[in-house]
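Read through the structure below, which is laid out as structure tokens, and then see the notes.
The values are calculated or read from the model by the stated rules, or taken from the named source; none is laboratory data. Keep in mind the model is a prediction, meaning the values are calculated, not measured. So basically every Cβ, Gly included, is an ideal-geometry build from the backbone, and we count neighbours across all protein chains shown.
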Amino acid sequence: MAFSVAQRSSSVLRLMLRSSNKIGQELAEGPCQHLTKRVVLPSLGPVAIQTASLHGHHGSTKPLVQATGRREVHAGIFNTNAAAPDILPLQGSTVDAAADKTTQASPRVMKRSHLYRFIAEVSQAEITKGQTITSVAHALDDMALNVTWSDGEVQAYPYAWLRDNCLCKQCYQSSLQSRIFSFTSIDVEMIPIYAVPGDEGKTVRLTWPDGHFGEYPSDWLRKHRFENSFTDPTFDSELQYWKTDLIDSGTLRRFNFHDIVSNDEALYEWLMEMKLTGICLVEGAGMVEGQVKHLGDRVLFLRSTYYGPTSHVVVKYNATNIAFTGKAFPMHTDLAFLHRPPGAQMIHCIEQAKGPGGENWFTDGFKVALDLKREDPEAFELLSTTLMEYQDIGEDVYGRFHQHSRHPTISLDRDGNPEHVYLSDHGRMPMMRIPVKNTQALYRALKKFSNMYHHPDNVCAYKLREGDIMTFDNRRVIHGRGSFEVTSNSSRHLETGYLEWDEINSRLRLLQHQFQASM
Ligand code: OGA
Ligand code: ZN
Ligand code: ZN
């Protein structure tokens with residue numbers, strides 16, 4: 001495709017301007033401004049803008065409840081014994097939706113839209129397409145093929161890999177988009193007897209010693225290069241960490257429920273935001289049940305659990321879980337009692353406690369885990385290697401259950417980065433299968449981590465308004481709730497639903513294909 005970057009940008013612009021309603025407005029306020037003004041691809045990443053006028057309508061510094069409780073710096077976000085509302089010592093980060101809007105300015109991050117970033121990356125990749133292959137040669141002790149293109153690019157492709165990825169009709173069926181031979185049938189030591197550019201440099205043709213013939217398109221080889229390959233936005237995008245000023249800094253993005261349901265660009269922005277910032281707010285879902293199911297349907301399907309397809313968090317007379325009481329719910333990640341807890345979570349506020357309390361707390365668990373790694377590597381090591389045990393015993397919509405899991409508190413990926421925080425003080429079992437002499441150090445590490453994810457610098461408090469759906473990464477965001485009272489004229493009703501990251505990533509990829517096709 002012979003698009004220049006500038007032409008691409010204007011087609012991007014058309015794509016974005018086709019967006020109607022709020023998401024269009026959001027895009028227009030952010031990246032589209034750049035596009036409409038300059039029609040060039042600006043540098044990527046968030047831009048900090050210091051301006052009073054950008055300070056959002058939820059940027060109040062007025063505390064929701066007056067602080068009367070404990071105020072230690074390192075402890076006591078909640079007091080589970082308190083009958084009175086729980087207090088967060090978080091002047092400046094607690095949000096009162098009805099508070100007055102004229103507050104002092106703070107640096108506010110204006111984020112570029114994820115769709116914009118994706119399109120910029122695609123544009124970058126597109127300009128490398130259509131190059132012709134000028135020569136091929138053996139490389140790496142004759143175990144690979146060096147391919148040289150007309151623009152000077154040189155890449156090596158191992159012969160074993162080329163044979164494994166042969167695209168001929170015997171090896172690959174395009175309708176299945178998959179390999180159709182058994183791995184047992186190939187010799188991974190084979191070196192082709194002929195390798196030549198074909199079709200005027202648009203392909204490479206290989207003939208193997210057993211007579212097998214394969215042809216590899218130039219763009220396909222470029223796309224599958226081993227080194228300097230393009231990043232994959234669903235795997236490789238950088239996370240954005242946050243702390244107590246999640247809302248005041250403008251880091252928390254807000255989406256309109258109906259936009260997500262009806263507009264694919266809004267759907268993309270919402271899911272990508274949940275992936276990279278780990279949390280965002282969906283507004284305007286009303287006070288009816290079934291709205292998290294609508295969001296789940298937009299992704300693919302909801303993740304059911306033993307609490308049902310969705311769960312209704314209300315105060316129950318015979319509660320078997322702290323969630324179904326009016327008590328403060330200590331900071332946790334959901335369902336740590338499962339070996340595979342839900343990946344992402346949506347909390348829809350259908351009815352909010354009218355009195356004080358009932359607010360939610362959110363901490364970026366990955367950010368505090370990395371802080372701990374920096375400040376106390378030994379504590380971090382203990383929490384990422386010592387298995388804790390969790391259980392949940394009770395009865396719900398599907399009947400009785402007895403869940404029991406083992407997890408490190410901070411589970412790491414292969415690069416040593418936090419991948420899943422498992423926290424449930426209420427479900428943590430007394431069982432400790434570690435040497436007795438190691439226990440004190442483990443408790444100190446747990447305490448240190450706890451101090452960090454309860455620290456006023458890290459916790460963001462937000463009292464959901466009716467119609468709000470807070471959506472977040474359950475592997476990453478540690479959350480909790482302040483106590484509240486149910487009275488004759490005030491009750492509280494949340495509907496929570498879960499999503500899995502495989503389904504979210506699948507939807508993101510499908511949307512990317514769709515956006516790319518319309519460019
Ligand atoms: C939960 C939970 C929050 C709330 O049920 O796991 O975090 O506000 N509930 O009740
Ligand atoms: Zn083949
Ligand atoms: Zn929870």
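Report whether or not Arg492 is under 11 Å from the mean Cα position of the chain (by Cα), within 16 Å of ligand 3 (Cβ to nearest atom) and either at pLDDT 95 or above or crowded, with 24+ Cβ neighbours inside 10 Å (or both). Considered against the rule, which asks whether it is under 11 Å from the mean Cα position of the chain (by Cα), within 16 Å of ligand 3 (Cβ to nearest atom) and either at pLDDT 95 or above or crowded, with 24+ Cβ neighbours inside 10 Å (or both), Arg492 comes out as no. The residue that is farthest from ligand 3 (Cβ to nearest atom), among those in the range 311-351 that are buried (at least 22 other Cβ atoms within 10 Å of the Cβ) and polar (S, T, N, Q), is Ser311.
Scan the range 210-243 for residues that are closer than 27 Å to Asp187 by Cβ and of a type in the set (Phe, Trp, Tyr) and the total you get is 4. Tallying residues that are among the aromatic types (Phe, Trp, Tyr) and within 10 Å of ligand 1 (Cβ to nearest atom) within the range 327-361 yields 2. Counting only residues that are within 10 Å of ligand 1 (Cβ to nearest atom) and under 20 Å from the mean Cα position of the chain (by Cα), the range 463-477 holds 2 of them. Among the conditions (1) crowded, with 20+ Cβ neighbours inside 10 Å; (2) polar (S, T, N, Q); (3) away from ligand 3 (no atom under 13 Å from the Cβ), the only one that Asn474 does not satisfy is (3).
Identify, from the list Phe366, Phe380, Phe401, Phe362, the residue that is among the aromatic types (Phe, Trp, Tyr) and in contact with a Pro (Cβ under 6 Å, 6 or more places away or on another chain). First the steps, then the outcome.
Values: Phe380 fails: in contact with a Pro (Cβ under 6 Å, 6 or more places away or on another chain); Phe401 fails: in contact with a Pro (Cβ under 6 Å, 6 or more places away or on another chain); Phe362 fails: in contact with a Pro (Cβ under 6 Å, 6 or more places away or on another chain).
Result of the check over Phe366, Phe380, Phe401, Phe362: Phe366.
Taking the numbered list (1) farther than 15 Å from Ile504 by Cα; (2) more than 16 Å from ligand 3 (Cβ to nearest atom) in turn, Arg298 passes all entries but (1). Contact annotation: no residue pair with Cβ atoms under 8 Å, 6 or more positions apart or on different chains, pairs a residue in the range 167-185 that is within 16 Å of ligand 3 (Cβ to nearest atom) with a partner that is basic (Lys, Arg).
Just need a number here: residues in the range 384-442 that are more than 30 Å from the chain's Cα centre (by Cα) and assigned to a helix (DSSP H, G or I).
Here is the first cut: in the range 384-442, the ones more than 30 Å from the chain's Cα centre (by Cα) are 394-395, 399-400, 430-441.
Checking the rest, the ones that are also assigned to a helix (DSSP H, G or I) come to 436-441.
Counting residues in the range 384-442 that are more than 30 Å from the chain's Cα centre (by Cα) and assigned to a helix (DSSP H, G or I) gives 6.
Residues checked against (1) under 20 Å from Met272 (Cβ atoms); (2) in the same structural domain as Met190 (by TED's automatic domain parsing); (3) touching a residue at least 60 places away in the same chain (Cβ under 8 Å); (4) touching a Pro at 6+ places or on another chain (Cβ under 7 Å):
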{"residue": "Tyr116", "(1), (2), (3), (4)": "yes, no, yes, yes"}
{"residue": "Ala120", "(1), (2), (3), (4)": "yes, no, yes, no"}
{"residue": "Gln124", "(1), (2), (3), (4)": "yes, no, yes, no"}
{"residue": "Ala137", "(1), (2), (3), (4)": "no, yes, no, no"}
{"residue": "Ala144", "(1), (2), (3), (4)": "no, yes, no, yes"}
{"residue": "Trp149", "(1), (2), (3), (4)": "no, yes, yes, no"}
{"residue": "Gly152", "(1), (2), (3), (4)": "no, yes, no, no"}
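Taken together, the criteria place Ala125 among residues that are at pLDDT below 95 and more than 16 Å from ligand 1 (Cβ to nearest atom). Checking each residue of the range 486-500 against the condition of being within 25 Å of Val292 (Cβ to Cβ) and aromatic (Phe, Trp, Tyr) gives at least one match.
Screening Gly399 against (1) at pLDDT below 95; (2) surrounded by fewer than 18 Cβ atoms within 10 Å (Cβ to Cβ) leaves a single unmet condition, (1). Contact map, the range 461-484: residues that are closer than 17 Å to Lys354 by Cβ paired with residues that are among the acidic types (Asp, Glu) and in a loop (DSSP other than H, G, I, E, B), Cβ distance under 6 Å, separation 6+ or inter-chain. Pairs shown: Lys463/Glu359; Gly482/Asp86; Gly482/Glu359; Ser483/Asp86.
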